[in-house]
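**Student:** Mind having a look at this structure? Questions to follow.
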Amino acid sequence: MSKEIQLTDRINRIVASPALAVAAEAEKFRQSGADVVDFSIGEPDFPTPDHIKQAAIEAIQSNKTKYTAAAGVAPLRQAIVKWHAAQFGTAYEPAECVATTGGKHALFHTICCLIAAGDEVLIPAPYWVSFPDMVKYAGGTPVIIETRAAENFALTAAQVEAAITERTRLIIVNSPNNPTGAVIPRAEYERILDVCRRHNVMLMADECYSHFVYDSEPFSVAGAADAKPHVIVAGSCSKTFSMTGWRLGYALAPKPLADGIAKLQSQSVSNPTSISQYAALGALSGPMDTVGTMLAEYRRRRDRIVAGVRALPGVTCTEPQGAFYVFPNFEARLADRSVRNTTELARLLLEREHIAAVPGEAFGAPGHLRFSYATSMDRIEEGLRRLARFFAANAERKAGSAS
Ligand code: PLP
């Protein structure tokens, strides 16, 4: 008889990423022959630019295929700080930079280095699915700050001030935001930093979508005066350079923390993949025109999908100012109770119309669904047609059951 496997508390405290779970469900439908319109996955549908692929091919051919320093190869760390300085006016040293296995690992390792049992971490909601679970895994307590649709879901300094207690150690700010597309205006972001500085709370800026902003310029709070001792930047090549599969991100942090992250890396993954490091070097020291091309296309899609979901009776939707997600509110559609919540709505949409979207419950915002528009305009049109058909059929079903 096999012995029952006991998992630790820390692994039982977390759940598998709900966004990946929806994507896996969608895949099952696809495997059984369904034509799924997949709005679930937060992944650019553009190929990795050729000059980046070429940098990786050259790395392979010149045998740069061995272990590297835990924090990444020196030329990459130099390129990261140089790129960040050029883009945002920051002044990091390579010793304050660690290349990581995706932005996710920069976030995870930072939390593991900073957070212990009893520590509180402020997380504005709607939040990216992984933030609370990373904090729980480290033994900390996520403290959720609700942002408001009426304020375009942008976090304010007053909200942060009100949420801080003597146990608060860290706040995780993701602007542009996944799932809402909210962008915190620069002046307000700097006020948030001031609050953190006054209360000795570290601010982790998740800059994964930094370059996908529609109405403002890319901006990093780490570029503000006297920001560096209080800020950790978690950055990523995944979205900016359409490199999700390469798994290359970075942390910029005060040196003792950067050293802690590198130490943890040395005892876990050793180093990010050497070939991906050289690909990222090609990305960060090469042309940025593909970013502008993607942004222009995302803007076209955003305008179409926002108009499309707003045309559904009873559905409201804030206009995303960045990233590539819309986060409409379906509460009025749920009021008749024929569908109990957005988890059920997402399931019905997948079963009946083969539309994959992630329920708001995953982001701490029930009543919403997240649609990624990192998919072609044709698929967006098809998805909108199916959504309209679903809600029309649902209204008929309801009318039928009422008569
Ligand atoms: N942060 C946010 C808000 C994200 O949406 C994602 C990915 O979807 C990440 C971080 C991590 O991206 P990666 O690990 O691919 O760099």
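**Student:** I need the full set of residues from region 153-179 which are at pLDDT 95 or above, within 16 Å of the ligand (Cβ to nearest atom) and over 10 Å from the mean Cα position of the chain (by Cα), in order please.
**Tutor:** 153, 155, 170, 171, 172, 173
**Student:** Looking at (1) in contact with a Lys or Arg (Cβ under 9 Å, 6 or more places away or on another chain); (2) outside any helix (DSSP H, G or I), which one does residue 153 not meet, given that it meets all the others?
**Tutor:** With respect to (1) in contact with a Lys or Arg (Cβ under 9 Å, 6 or more places away or on another chain); (2) outside any helix (DSSP H, G or I), residue 153 is out only on (1).
**Student:** Can I ask one more? With respect to the numbered conditions (1) without any contact (Cβ under 8 Å) to a residue 40 or more places away in the chain; (2) more than 30 Å from residue 117 (Cα to Cα); (3) not in a loop (DSSP other than H, G, I, E, B), which one is the sole condition not fulfilled by residue 3?
**Tutor:** Here residue 3 clears every test but (3).
**Student:** Here is a follow-up. How many residues, within region 246-270, are farther than 20 Å from residue 138 by Cβ and more than 16 Å from the ligand (Cβ to nearest atom)?
**Tutor:** Result for region 246-270: 2.
**Student:** Inspect all residues belonging to region 179-201 and state whether any of them is open to solvent by 30 Å² or more (accessible area, probe 1.4 Å) and in contact with a Phe, Trp or Tyr (Cβ under 8 Å, 6 or more places away or on another chain).
**Tutor:** Looking through region 179-201, at least one residue is open to solvent by 30 Å² or more (accessible area, probe 1.4 Å) and in contact with a Phe, Trp or Tyr (Cβ under 8 Å, 6 or more places away or on another chain).
**Student:** Sort out which residues of region 323-337 are open to solvent by less than 60 Å² (accessible area, probe 1.4 Å) and modelled with pLDDT under 90, and write them in order of number.
**Tutor:** 333, 334 - these are the residues of region 323-337 that are open to solvent by less than 60 Å² (accessible area, probe 1.4 Å) and modelled with pLDDT under 90.
**Student:** Could you list, ordered by first residue, the pairs with Cβ atoms under 8 Å in which the first is in region 230-241 and under 13 Å from residue 288 (Cα atoms) and the second is among the hydrophobic types (A, V, I, L, M, F, W, C) and within 7 Å of the ligand (Cβ to nearest atom), at least 6 apart or interchain?
**Tutor:** 239/208
**Student:** Separate question: Restrict the check to region 237-245 and report whether at least one residue is modelled with pLDDT of 95 or more, within 16 Å of the ligand (Cβ to nearest atom) and either open to solvent by 40 Å² or more (accessible area, probe 1.4 Å) or not assigned by TED's automatic domain parsing to the domain that holds residue 150 (or both).
**Tutor:** Yes, region 237-245 has at least one match.
**Student:** Which one is nearest to residue 271 (Cα to Cα), of the residues in region 46-82 that are among the basic types (Lys, Arg) and more than 25 Å from the chain's Cα centre (by Cα)?
**Tutor:** 66
The values are calculated or read from the model by the stated rules, or taken from the named source; none is laboratory data. These figures come from a predicted structure and were not determined experimentally. So basically every Cβ, Gly included, is an ideal-geometry build from the backbone, and we count neighbours across all protein chains shown. Just the protein is used for accessible areas: all its heavy atoms, side chains included, with ligands, DNA and RNA removed. Shrake-Rupley method; radii C 1.70, N 1.55, O 1.52, S 1.80 Å.
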